[in-house]
Amino acid sequence: MTELNIIICVKQIPDPEAPLSDVSIDAENLEVVVDAPQVISPFDENALEAAIQLKEELDGKVTVLSMGKKLSDSVLRKALAAGADELILLEDNGFEKLDSHSTATVLAAAIKKIGSFDLVLAGRQAGDWDSGQVGLILGEMLGLPCISLAREITVEDGSVIVKKTVPEGYERVKAKLPALITVSNEVGELRYISRTRMLKMMRGGDIPAWTAEEIGVSDDAIEKMNIASLTTPPDMTRDCQFLEGSPDQQAAALVDVFVSLR
Amino acid sequence: MKEVLILGEVKDASLDPRILELLGAGKKLTEASGDKLSVLLMGDRVEDVAEAAASYGPDSVYKIEHPLLERFNADLWLAALEQACAEIKPSILLMSHSFIGMELGPRLAYRLDSRLTTDCIDLTIDSEDGRLLGTKPVSGGNAICVFKCAGQTQMVTVRGNVFPPAESGNAGGAIASINVTIDKSMSRLESLEIVEEDTVALDKANVVISGGAGLGDEDGFEMLEELAEALGKSFGSVMVGCSRMAVDKGWMSSDHQIGLTGTIIAPDIYVAVGISGAIQHLVGMVHSKKIIAINTDPSCNIFKVADYGIVEDFEQVVPALIKRLEEVL
């Protein structure tokens, strides 16, 4: 087999690790407002790491796709700095708050425009809406074998072998390429990227951005999420009783608590 | 008449407990609307399980029996489910947010040209247009969002341990077979092997002791295991879990993870050691009956949701705790 052509879909989201105090709800506009820097969604970073490892092992090309109304190419250039070869933005005023089906529609259209590929990777779910649907719907739209919750991916002789998480442990499954794989965190964290490398990528060339029209997605092919309401979660706080003293005294007090709960 | 259909899962040749929760959720919907409630079961042979399901009082139980459905295979189950839905034409389809539900849900939604809301913690019916509303936490638990379900078949996956399980009801419902046409060629994945790992049934433990980044390395978890053993003498099932940080660092396998993307639990006692309390972790344990936190940083979030707190290095306090427990309990 010649080179491996991998397309990976990543989502730009506000940092999901942002503390509660940085998050507010705009109930009127049905928006979660997060006062935190934008990042690549964590599971998508895992998928990116898996893609780059496959490329290093077998040679090939990693193309990163990201969709949104207004994307920050400085956030997404991180993918290039990590080792991806090409970044393509799918940017359009209509690409906002799309439902999973519509997001997959846009990605499928972009992938068809790209043409040939062996693997499409996506994170198992995005860190903002946690829906976990786009990857699998995309696989259906492209008519590909779908493998979910991958923790290890190997490619040989035109097939992909994946360790996927199942309730009993893991299952090794094999599928013919091309295939779609959703990736879980067990594949490992995205590699460390040095500041020098990051800065070099920031000064790199222009990043192509495709509009809905350029990939042939009409307005009536996409719909926004149908949100009825958005509210703050119920208060979770409790009155914490701190156990004071030396470690031995604290331990003794805690054992008293355990005894009372027995 | 409109029909609310539950996809029932079969576990070790018996009814998966989650299906009782789905029946509870389904009954809540159909009692209000007067719609029909039914359960669909798939497998090699599911007669006994179908009878067990019928005893909870759904209006009907459908079974799809086929040798190729003996073990879960997403492609084959999907094909069977697609055909069954074409025949039953449910207005609402409820699935567990389980491995099976997570894998089949999005793909089935595509095939039925429907839309799916995943991981719902509440289900209601819109009083104006009669559509199903699925409530789910979003933004790592920082917000609660209600989605209106679209499509002819309104589809949701339902989070476990949220809906109270149904109690047995009038076992008058009929059991009907549905025939499906499936063959091996529909499966595009070849299963090479299934490797069983010690499954960590964290959601069944009475007490869960969890470690996080604050443990510093994986050796810290050995100390938590010792603590679990000491507590096990008095509290029955005591298990060790962890935060996502501990998984990301490779200290624990992901099936130990408590939180939004791990297991969501509500044990009698939850002990968080060296866990700062990121929102996505809190979502997974905040409904525990009593929460105890040990952390060196008094300002961290975990103490905000705790009943009891100890501000101290765990390496100081946990050994003292084990020693004292062995003396007293």
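Here B:Ala228 does not qualify as within 23 Å of A:Val23 (Cβ to Cβ), away from chain A (no Cβ under 11 Å) and either open to solvent by 20 Å² or more (accessible area, probe 1.4 Å) or modelled with pLDDT of 95 or more (or both). Evaluation of B:Ile144 against the conditions (1) touching a residue at least 40 places away in the same chain (Cβ under 8 Å); (2) part of a strand (DSSP E or B); (3) open to solvent by 20 Å² or more (accessible area, probe 1.4 Å) shows that the sole unmet condition is (1). Counting residues in segment A:112-125 that are more than 13 Å from A:Ser66 (Cβ to Cβ), at the interface with chain B (Cβ under 7 Å from one of its Cβ atoms) and either touching a residue at least 60 places away in the same chain (Cβ under 8 Å) or under 13 Å from the mean Cα position of the chain (by Cα) (or both) gives zero. Filtering segment B:48-65 to residues that are of a type outside the set (Gly, Ala, Ser) and crowded, with 20+ Cβ neighbours inside 10 Å leaves B:Val49, B:Tyr56, B:Pro58, B:Val61, B:Tyr62, B:Lys63, B:Ile64.
On the given criteria, is B:Val271 modelled with pLDDT of 95 or more and within 25 Å of the chain's Cα centre (by Cα)? Yes: the conditions hold for B:Val271. Of the set (1) more than 11 Å from chain B (Cβ to nearest Cβ); (2) polar (S, T, N, Q); (3) touching a Leu at 6+ places or on another chain (Cβ under 9 Å), all apply to A:Ser194 but (3). Open to solvent by 40 Å² or more (accessible area, probe 1.4 Å) and touching a residue at least 24 places away in the same chain (Cβ under 8 Å): which single residue out of A:Met236, A:Met198 fits that description? Answer to the selection: A:Met198. The requirement of being more than 10 Å from chain B (Cβ to nearest Cβ), among the aliphatic types (A, V, I, L, M) and in contact with an Asp or Glu (Cβ under 6 Å, 6 or more places away or on another chain) is satisfied by A:Ile207.
Only residues that are facing another protein chain (nearest Cβ under 9 Å) and either under 23 Å from B:Val162 (Cβ atoms) or crowded, with 24+ Cβ neighbours inside 10 Å (or both) were counted in segment B:288-300, giving 6. Selection of strands (runs of 3 or more DSSP E) fully inside segment A:1-54 by the criterion of at least 1 residues being closer than 24 Å to A:Val187 by Cβ and more than 14 Å from chain B (Cβ to nearest Cβ) returns A:4-10, A:12-14, A:38-40. When we screen A:Ala228, A:Ala252 for residues that are within 11 Å of chain B (Cβ to nearest Cβ), assigned to a strand (DSSP E or B) and closer than 30 Å to B:Lys304 by Cβ, the only hit is A:Ala228. Of the candidates A:Asp44, A:Asp35, the single residue that is out of contact with any Pro (no Cβ under 7 Å at 6 or more places or on another chain) and closer than 29 Å to A:Ala179 by Cα is A:Asp44. I'd like to know if segment B:279-287 contains one or more residues that are within 30 Å of A:Glu171 (Cα to Cα), more than 9 Å from chain A (Cβ to nearest Cβ) and not aliphatic (A, V, I, L, M). Yes, segment B:279-287 contains a residue that is within 30 Å of A:Glu171 (Cα to Cα), more than 9 Å from chain A (Cβ to nearest Cβ) and not aliphatic (A, V, I, L, M). Among strands (runs of 3 or more DSSP E) entirely within segment B:230-329, having at least 1 residues that are in contact with a Gly (Cβ under 7 Å, 6 or more places away or on another chain) singles out B:238-242, B:269-273, B:290-295.
Exactly one residue out of B:Glu65, B:Glu87, B:Glu51 is under 29 Å from A:Gly135 (Cα atoms) and either in contact (Cβ under 8 Å) with a residue 24 or more places away in the chain or over 23 Å from the mean Cα position of the chain (by Cα) (or both): that is B:Glu87. Residues of segment A:204-233 that are free of Cβ contacts under 8 Å to residues at least 60 places away in the same chain and polar (S, T, N, Q): A:Ser218 alone. Candidates are the residues of segment A:24-65 that are within 27 Å of A:Pro233 (Cα to Cα) and of a type in the set (S, T, N, Q); the one that is surrounded by the fewest Cβ atoms within 10 Å (Cβ to Cβ) is A:Asn29. Answer yes if at least one residue in segment B:246-259 is open to solvent by 20 Å² or more (accessible area, probe 1.4 Å) and either closer than 17 Å to A:Val257 by Cα or within 7 Å of another protein chain (Cβ to nearest Cβ) (or both), and no otherwise. Yes, some residue in segment B:246-259 is open to solvent by 20 Å² or more (accessible area, probe 1.4 Å) and either closer than 17 Å to A:Val257 by Cα or within 7 Å of another protein chain (Cβ to nearest Cβ) (or both).
The values are calculated or read from the model by the stated rules, or taken from the named source; none is laboratory data. Being a predicted model, the structure only gives us computed values, none of them experimental. Heads up, the Cβs are rebuilt from the backbone with ideal geometry, glycines too, and the neighbour counts pull from every protein chain shown. The area values use the complete protein model at the heavy-atom level, side chains included, leaving out ligands, DNA and RNA. Shrake-Rupley method; radii C 1.70, N 1.55, O 1.52, S 1.80 Å.
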